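Chemist: Can you read through this structure? Questions will come right after.
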Amino acid sequence: MSPKSPGCDALLIGGGHNGLVCAAYLARAGLKVTVLERRHIVGGAAVTEEFHPGFRNSVASYTVSLLQPRVIADLDLPAHGLRIVQRRRNNFLPLPDGQYLLTGGGQTQAQVAKFSARDADRLPAYEARLEAIADVLRALALEPPPNLTDGGWWKALPELLRAGRLGRRLHALDETLRQELLDLFTVSAAEYLDRWFESAPLKALFGFDGVVGNYASPYTPGSAYVLLHHVFGEVNGIKGAWGHAIGGMGAITQAMAGSATAAGAEIRTGAGVREVLVEHGRAVGVVTEDGQTLRARAVVANVNPKLLYQQLMAGQDVPAPTRERMAHWRCGSGTFRMNVALSQLPSFSALPGEGDHLTAGIILAPSLDYMDRAYRDAVERGWSRQPIVEMLIPSTLDDSLAPAGKHVASLFCQHVAPVLADGKSWDVHRDEVADLMIATVDSFAPGFTDSVIARQALSPLDLERTFGLIGGDIFHGALSLNQLFSARPMLGQADYRGAIPGLYLCGAGTHPGGGVTGAPGHNAARRIIADLG
């Protein structure tokens, strides 16, 4: 082989879940594939690691719903060890006045009726409407959106056909649902929920999905789409359900890695990429952090597009329109992530003792106004003094994560500023904010602080350094209207082809966006296979 001969068909930068999915499909198509992962373990933000002796947890991403059933089936993930169990209850919203809202288990309507009989009556229609819209968007998730280019009729024709198929799908919705879909892309979560419901607890429970991972208020225009994005999923065939992967989120990516290697893909850990190698305007390989040059017919980036174009490529190799787009690519999810080892289960004032409510997503944010104040406080002061916390206790469903009688909890905390103002560092304020998050849980579950054996705290800066999540952004770019569909990551790159020939993108910064879905990896693989033949 000559020094400039490709060493393989495809080099993938980043062994996160979308990179592994893409690699598995490429290898199954007979292509020679190498995955390069900077960390000691594959999985990206979907990993399970021991954070205190005897205590393991999903370090960053923490719950299952959005993972595409087709990806599970195509890669035969159960045969590689994946087992997902459903939460016994969906969500638990304890309130400061001692009341609570607990959904799932066939009791949701009765629970809502405690606060509003009108809301309970309207709930089935609300769920049916969102489900009808979600069904259309689920189908679109596994297809590239129309790619708007200026490459002449021969490039435009396939995109016009794709747009036509999209139009037919949307036309299948009745006029009311088409208008509803448009509204969901543009209005705030609060405005949308106000149309349906009157009780603050129900709007808080649903509205949380409009801000989770989203550095915004529930009153921010466009946040209704983020709410919709989080109802796309299903667990074991049950639409809209949330679950837990036995062994944590790392069990998903380990199964994906097993599927990829079984198909012939090579996975290298401790192999960070320093730069994308470009020759004569084409991506031809990478240079690793240890100085090794690797060549391939295709370079596939499973990283935030901002990281790719601003840090892994020389400015002169990136076309001017892409440089400008990335200068304005909005990242930052306002997330502070914690993993906590517990000596015992928490007992909530609103619903004391053990029970199925402890298997649910526990939302500590009693109203939309509370969430709005949390956001505004973070913008003004760096972090909210009354933060939003979602707590999951996966050891209630999975006894492999903690010693007998002990437990682990995941705290997904908001809002904090992705970057602190006035030169302040998250390294200085991390423990202060971690204390606040623990105290917030304690205010709803007295004694929680005393039950904490150990904790792992990850600020937005930690999430960026460890997982490449710029500004702690779990979506690789905000899910705003100007960063969705054909504009994700930008017009002309919606088909998973990057800014120059030979370069592809397969991460969450492409359609359909963030979450542990596998959809971007699936879609990118189809494009690469078609191009490489």
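Chemist: From the list 355, 334, which one is within 30 Å of residue 102 (Cβ to Cβ) and at pLDDT below 95?
Modeler: Just one listed residue meets the conditions, 334.
Chemist: Wholly within region 418-500, which helices (runs of 4 or more DSSP H) include no fewer than the required count, namely at least 1 residues that are open to solvent by less than 40 Å² (accessible area, probe 1.4 Å) and within 16 Å of residue 215 (Cα to Cα)?
Modeler: Output list reads 460-467.
Chemist: Test of understanding: among 387, 403, 366, which residue is within 23 Å of residue 96 (Cα to Cα), part of a loop (DSSP other than H, G, I, E, B) and at pLDDT 95 or above?
Modeler: When all the criteria are applied, what remains is 366.
Chemist: Output yes when any residue across region 256-276 is farther than 25 Å from residue 333 by Cα and within 20 Å of the chain's Cα centre (by Cα), and no when none is.
Modeler: Yes, the conditions are met somewhere in region 256-276.
Chemist: Also, I was wondering about something else. Which one of the conditions (1) under 30 Å from residue 339 (Cα atoms); (2) out of contact with any Pro (no Cβ under 8 Å at 6 or more places or on another chain); (3) surrounded by 19 or more Cβ atoms within 10 Å (Cβ to Cβ); (4) not acidic (Asp, Glu) does residue 278 fail to meet, given that it meets all the rest?
Modeler: (1)
Chemist: Identify the residue in region 374-384 that is part of a helix (DSSP H, G or I) and not charged (D, E, K, R) and, among all such residues, is farthest from residue 204 (Cα to Cα).
Modeler: In this case the residue turns out to be 379.
Chemist: Also: With respect to residue 48, determine if the residue is open to solvent by less than 30 Å² (accessible area, probe 1.4 Å), in contact with a Pro (Cβ under 9 Å, 6 or more places away or on another chain) and either at pLDDT below 95 or hydroxyl-bearing (Ser, Thr, Tyr) (or both).
Modeler: no
Chemist: From 177, 157, 130, grab the single residue that is open to solvent by less than 20 Å² (accessible area, probe 1.4 Å), at pLDDT below 90 and out of contact with any Phe, Trp or Tyr (no Cβ under 9 Å at 6 or more places or on another chain).
Modeler: After ruling out the rest, the residue left standing is 130.
Chemist: Another question, if that's okay. Working carefully through the options 431, 462, 435, find the one that is of a type outside the set (Lys, Arg), modelled with pLDDT of 95 or more and either touching a Lys or Arg at 6+ places or on another chain (Cβ under 9 Å) or under 27 Å from residue 206 (Cβ atoms) (or both).
Modeler: Just a single option satisfies the conditions, and that option is 462.
Chemist: Right, here's the next one. In region 225-244, which residue that is open to solvent by 40 Å² or more (accessible area, probe 1.4 Å) and within 13 Å of residue 515 (Cβ to Cβ) is modelled with the highest pLDDT?
Modeler: 242
Chemist: Does residue 512 fit the bill of being more than 30 Å from residue 365 (Cα to Cα), open to solvent by less than 40 Å² (accessible area, probe 1.4 Å) and touching a residue at least 40 places away in the same chain (Cβ under 8 Å)?
Modeler: When the stated conditions are applied, residue 512 does not pass them.
Chemist: Going by what's in this entry, would residue 247 be described as of a type outside the set (Asp, Glu) and either in a loop (DSSP other than H, G, I, E, B) or at pLDDT 75 or above (or both)?
Modeler: Spelling it out, residue 247 is indeed of a type outside the set (Asp, Glu) and either in a loop (DSSP other than H, G, I, E, B) or at pLDDT 75 or above (or both).
Chemist: Another one. Among the residues of region 160-174, how many are at pLDDT below 65 and surrounded by 15 or more Cβ atoms within 10 Å (Cβ to Cβ)?
Modeler: 3
Chemist: Let me spell it out: the conditions are (1) touching a helix residue (DSSP H, G or I) at 6+ places or on another chain (Cβ under 9 Å); (2) surrounded by fewer than 21 Cβ atoms within 10 Å (Cβ to Cβ); (3) among the aliphatic types (A, V, I, L, M), and residue 75 meets all of them except one. Which number is the exception?
Modeler: Unmet condition: (2).
Chemist: Here are some residues: 404, 374. Which one is under 22 Å from residue 223 (Cα atoms) and not polar (S, T, N, Q)?
Modeler: 374
Chemist: If residue 103 passes every condition in (1) within 27 Å of the chain's Cα centre (by Cα); (2) open to solvent by less than 60 Å² (accessible area, probe 1.4 Å); (3) over 24 Å from residue 212 (Cα atoms) but one, which one does it miss?
Modeler: With (1) within 27 Å of the chain's Cα centre (by Cα); (2) open to solvent by less than 60 Å² (accessible area, probe 1.4 Å); (3) over 24 Å from residue 212 (Cα atoms) applied to residue 103, the lone miss is (3).
Chemist: Out of the residues in region 363-416 that are among the polar types (S, T, N, Q) and out of contact with any Asp or Glu (no Cβ under 6 Å at 6 or more places or on another chain), which is surrounded by the most Cβ atoms within 10 Å (Cβ to Cβ)?
Modeler: Across region 363-416, the extreme among qualifying residues is 414.
Chemist: Considering (1) farther than 24 Å from residue 139 by Cα; (2) open to solvent by 40 Å² or more (accessible area, probe 1.4 Å); (3) not hydrophobic (A, V, I, L, M, F, W, C), say which one residue 7 fails and leave the rest.
Modeler: Here residue 7 clears every test but (2).
Chemist: Residues of region 290-335 being among the hydrophobic types (A, V, I, L, M, F, W, C), crowded, with 19+ Cβ neighbours inside 10 Å and outside any loop (DSSP other than H, G, I, E, B), which ones?
Modeler: Answer for region 290-335, where residues must be among the hydrophobic types (A, V, I, L, M, F, W, C), crowded, with 19+ Cβ neighbours inside 10 Å and outside any loop (DSSP other than H, G, I, E, B): 294, 296, 298, 299, 300, 301, 307, 308, 326.
Chemist: Can you name every residue in region 55-113 that is outside any helix (DSSP H, G or I) and among the β-branched types (Val, Ile, Thr)?
Modeler: 59, 63, 64, 84, 85, 103
Chemist: Of the numbered conditions (1) assigned to a strand (DSSP E or B); (2) in contact (Cβ under 8 Å) with a residue 12 or more places away in the chain, residue 50 fails exactly one; give the number of that condition.
Modeler: (2)
Chemist: Another one. Scan region 344-351 and give yes if some residue there is more than 19 Å from residue 19 (Cβ to Cβ), of a type outside the set (Ser, Thr, Tyr), assigned to a loop (DSSP other than H, G, I, E, B) and without any contact (Cβ under 8 Å) to a residue 40 or more places away in the chain, otherwise no.
Modeler: no
Chemist: Please give the number of the condition residue 35 fails out of (1) assigned to a strand (DSSP E or B); (2) farther than 29 Å from residue 391 by Cβ; (3) open to solvent by 50 Å² or more (accessible area, probe 1.4 Å).
Modeler: Failed condition: (3).
Chemist: Here's another thing I want to ask about it. Return yes when residue 222 is surrounded by 23 or more Cβ atoms within 10 Å (Cβ to Cβ), over 30 Å from residue 296 (Cβ atoms) and of a type outside the set (A, V, I, L, M) and no when it is not.
Modeler: So residue 222 does not fit the description; no.
The values are calculated or read from the model by the stated rules, or taken from the named source; none is laboratory data. Since the structure is predicted, the reported quantities are computational estimates derived from the model, not experimental observations. Every residue, glycine as well, gets a Cβ built from its backbone with ideal geometry; the counts of neighbours run over all protein chains shown. Protein only, heavy atoms only, side chains kept; ligands, DNA and RNA dropped before computing areas. Shrake-Rupley method; radii C 1.70, N 1.55, O 1.52, S 1.80 Å.
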